[in-house]
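J.: What follows is a single structure, and I will ask about it in a moment.
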Ligand code: ATP
Ligand code: MG
């Protein structure tokens with residue numbers, strides 16, 4: 001295939017704006033784009049275009065992004081497009097590799113290593129200053145140190161920033177200055193120097209700024225730069241980027257200011273928004289066609305962000321959904337968090353029953369603590385899930401052992417290749433300064449077989465073992481094989497060493513593969529990802545926006561960041577989008593909560609009086625006043641009334657003969673199992689069944705108080721009784 005044909009094929013996949021960005025001549029390019037508009041696609045095509053058109057040498061290109069997951073994805077896509085030699089890294093990984101290479105020239109013989117954990121050093125600095133701390137305060141102190149370093153703020157200047165930058169200093173600011181200084185000093189020891197992540201960037205930028213020899217060599221090596229998610233750049237990262245560039249301007253940036261959700265870490269969209277002022281001759285392209293979500297999802301997202309104020313809002317785009325129409329987003333109010341979690345679990349069960357793979361479903365929340373109740377409800381409903389940022393896949397012991405087994409296999413295979421003379425030079429570590437290549441590559445199938453063989457000694461038996469723990473272990477190892485298969489198919493030509501590098505990268509990014517479960521994640525952790533169905537839960541004021549954003553003189557900015565967070569959450573959904581909140585925390589608790597202000601005026605059923613009938617506690621009554629009897633509108637106060645969605649006067653509207661039938665079935669079953677009758681099913685639930693008279697498992701699931709477990713146990717019985725009776 002000729003270069004021009006390759007080129008043609010690739011560029012066909014772009015819309016006119018994407019094409020303009022991808023084919024702009026070398027020099028400054030800014031792509032200001034909304035969510036789901038194909039930013040990654042556009043920059044990979046731009047790189048491929050520059051390389052395959054002979055405009056740049058692939059070895060001279062450095063693409064950077066913010067997470068190892070995003071970097072790995074960029075690399076995978078570039079490899080698939082035949083431009084594998086381009087470096088795609090996080091800022092940190094890039095700085096680390098560069099520093100490793102240049103360190104002897106900058107510093108000499110003094111050794112350095114990356115600081116494993118900052119905690120002990122900060123704790124020691126606290127003790128030296130006489131500040132007593134617990135683990136939480138230590139984390140907060142560390143957060144402040146990281147913020148200051150990312151924002152290029154020296155210890156002694158920190159106190160002056162507390163008010164204008166809305167910092168929550170966990171200790172007396174003067175003490176903080178001394179802790180910060182103590183921490184910085186303690187990294188220099190007689191054995192060598194410890195560097196934290198921010199030091200990597202700082203040291204490399206400093207070297208490029210101060211040492212002409214280093215700058216010359218670096219700049220002849222890297223000539224073209226691409227930055228994804230540029231709205232998240234911190235002042236420290238920008239300083240490094242400037243040092244990389246020198247007085248050159250071959251830089252492409254891409255970002256969405258309306259997805260800036262890391263301000264508290266020092267990220268600022270100012271560099272993205274100020275790009276064309278800094279480079280007046282820059283090509284600026286705006287992407288507004290949303291290829292990810294249905295027009296229904298896009299419409300709601302547009303409305304939510306349409307009310308934003310402030311600098312970022314000025315750059316917002318009216319997105320145009322490109323996908324076929326889908327269901328309207330659903331809004332559901334629940335009485336309490338437990339009811340909300342149960343309701344969400346039921347809806348997920350219904351989606352899965354309808355054919356949506358669990359891995360294509362996510363539950364997103366504002367803070368990690370919100371996951372517990374959801375986890376519980378999903379467990380109860382027998383739905384598997386994984387918590388992002390929790391005890392992730394790669395933290396599991398069997399996966400650690402599995403990865404070690406693959407590392408041993410990789411060493412064996414390299415040894416064998418060297419003996420045969422088929423291997424290339426040994427790449428001593430994956431994060432090196434420039435990429436290596438090797439000959440004698442296995443096919444994806446061969447690689448997967450090598451992986452299977454390597455995992456047999458750690459428990460990947462040919463057939464599924466007995467015992468819950470054993471089985472879980474076996475399933476995890478199976479997921480590791482699936483992942484290897486996925487990666488090797490996506491990037492043909494990987495060998496075991498490459499695969500291991502990719503696996504380790506994923507492990508570090510704490511991003512487990514989508515095994516088979518539903519994803520639970522904070523909205524922050526969901527950035528850049530997409531699912532067929534997204535549940536946004538806990539949407540109450542005080543959570544979204546988060547309470548602490550409402551305090552202080554800069555609350556306006558903080559609230560805007562919370563609005564953007566909701567926007568990021570909404571735009572993760574391809575088709576199904578469910579938004580929910582609850583009136584009280586606990587079942588039976590006081591209904592004191594207010595739905596998030598960001599949905600004011602956007603909930604379609606609000607204020608109208610049409611009744612969908614018969615739903616109960618934890619269920620949205622479309623069009624009916626909240627928490628009111630579906631017949632007379634009287635306020636419902638007891639949990640039983642809420643399950644039925646009826647006041648006492650209308651509680652027995654269901655057919656009484658059917659209720660009696662159901663009761664006698666329940667009595668017999670309770671006796672047989674030697675449990676109290678309510679353990680089988682509550683009276684209110686029985687009445688609700690009689691009211692709804694379900695004719696399928698799906699309809700039965702919609703009865704309040706009935707989840708997938710109950711359907712599995714009693715579904716046949718209940719549906720039989722209802723059918724017989726009718
Ligand atoms: P985010 O703001 O969430 O990071 P993004 O702008 O980076 O989103 P991508 O992830 O690159 O968006 O693309 C979103 C989806 O749209 C992907 O599935 C991508 O393959 C698809 N897509 C992008 N451009 C096109 C196009 N021109 N034609 C068809 N599909 C496209
Ligand atoms: Mg993206």
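What follows draws every value from the coordinates through simple rules; no lab data is involved. In this text the structure is predicted, and so the values were computed from the model without any measurement. Glycine gets a Cβ as well: all are built from the backbone with ideal geometry, and neighbour counts include every protein chain shown.
J.: Rounded, prolate or oblate: pick one for the range 641-725, where a ≥ b ≥ c are the square roots of the eigenvalues of its C-alpha gyration tensor, a/c under 1.5 means rounded, and failing that, prolate if a/b is larger than b/c, else oblate.
T.: Here the range 641-725 falls in the rounded category.
J.: Summing -39500 (n - 2.57) over the DSSP H runs of n ≥ 4 in the chain and dividing by its residue number, what mean residue ellipticity at 222 nm do you reach, to the nearest 500 deg cm²/dmol?
T.: -14500 deg cm²/dmol
J.: Give, in nm to one decimal, the length gained when the segment between residue 249 and residue 485 is fully stretched (0.36 nm per residue of separation minus the Cα-Cα distance).
T.: Additional length available on full extension: 81.0 nm.
J.: With labels modelled as points extended 7 Å from the Cα through the Cβ direction, what inter-label distance (nm, one decimal) is found for residue 671 paired with residue 401?
T.: In this crude label model, residue 671 to residue 401 measures out at 5.1 nm.
J.: By counting other Cβ atoms within 10 Å of each Cβ, how are 32, 153, 374 ranked from fewest to most?
T.: Listed from fewest to most nearby Cβ atoms, that is 153, 374, 32.
J.: While we're looking at this one, here's another question. Report, in degrees rounded to the nearest 10, the 0 to 90 angle that the Cα long axis of helix 496-508 makes with the longest principal axis of the chain.
T.: 60 degrees
J.: Tilt of helix 173-186 relative to the longest C-alpha principal axis of the chain, in degrees (0 to 90, nearest 10)?
T.: 50 degrees
J.: So if each residue of separation counts as 0.36 nm, and I subtract the Cα-Cα distance between residue 309 and residue 137, what length gain in nm does that give?
T.: Roughly 58.6 nm would be gained on extension.
J.: If R0 is 60 Å, what FRET efficiency do you get for residue 59 and residue 695 from their C-beta distance, rounded to 0.05?
T.: E between residue 59 and residue 695, to the nearest 0.05, is 0.35.
J.: Hey, another quick one. When a/c reaches 1.5 or more, the comparison of a/b and b/c decides; with that in mind, is the chain rounded, prolate or oblate per its Cα gyration tensor?
T.: Cα axes put the chain in the prolate bin.
J.: Tilt of helix 371-380 relative to the longest C-alpha principal axis of the chain, in degrees (0 to 90, nearest 10)?
T.: The angle comes out near 50 degrees.
J.: Further, regarding this structure: Cα gyration tensor of the range 106-236, axes a ≥ b ≥ c as square roots of the eigenvalues: rounded (a/c below 1.5), prolate (a/b > b/c) or oblate?
T.: oblate
J.: Can you give me the Rg/Rh ratio for the range 116-186, using Cα atoms for both radii and the Kirkwood formula for Rh?
T.: Across the range 116-186, the Cα-based Rg/Rh ratio is 0.92.
J.: I need 216, 250 ordered by Cβ neighbour count within 10 Å, fewest first.
T.: Numbers: 216 12, 250 20.
Taking fewest neighbouring Cβ atoms as first place, the list is 216, 250.
J.: Expected output is a single nm value to one decimal: the length gained when fully extending between residue 532 and residue 163, i.e. 0.36 nm times separation in residues minus the C-alpha distance. What is it?
T.: Once the chain is fully extended between residue 532 and residue 163, it gains 128.6 nm.
J.: If contacts are Cα pairs under 8 angstrom and at least 6 residues apart, what is the relative contact order of the range 116-186 in percent?
T.: After rounding, I find 43 percent.
J.: In whole angstrom, how far apart do the alpha carbon centroids of the range 675-711 and the range 68-113 sit?
T.: What the calculation gives is 57 Å, centre to centre.
J.: Return 158, 222, 291 ranked ascending by Cβ neighbour count within 10 Å, so the fewest neighbours appear first.
T.: Taking fewest neighbouring Cβ atoms as first place, the list is 291, 222, 158.
J.: Further question on the same structure: Return the whole-Å distance between the Cα centroid of the range 123-145 and the Cα centroid of the range 635-655.
T.: Centre-to-centre (Cα) distance: 54 Å.
J.: Evaluate the relative contact order of the range 18-81 (contact order divided by residue number), counting alpha-carbon pairs under 8 angstrom at least 6 apart; express in whole percent. Let's see the in-between values first.
T.: Numbers: 31 pairs, mean separation 20.6, N = 64.
Computed over the range 18-81, the figure is 32 percent.
J.: Quick one: compute the contact order of the chain, relative version, from alpha carbon pairs under 8 angstrom and 6+ residues apart, as a percent.
T.: Here the relative contact order equals 15 percent.
J.: For the range 249-285 and the range 353-376, what is the separation of their Cα centres, given in Å?
T.: What the calculation gives is 33 Å, centre to centre.
J.: List residues of the range 166-190, by number, whose backbone nitrogen lies under 20 Å from a label position 7 Å along Cα→C-beta of residue 110.
T.: 180-190
J.: Considering only DSSP beta bridges whose two residues both sit in the chain, what percent are antiparallel, to the nearest 5?
T.: On the way: 5 of 53 bridges.
Taking every DSSP beta bridge within the chain, about 10 percent pair in antiparallel fashion.
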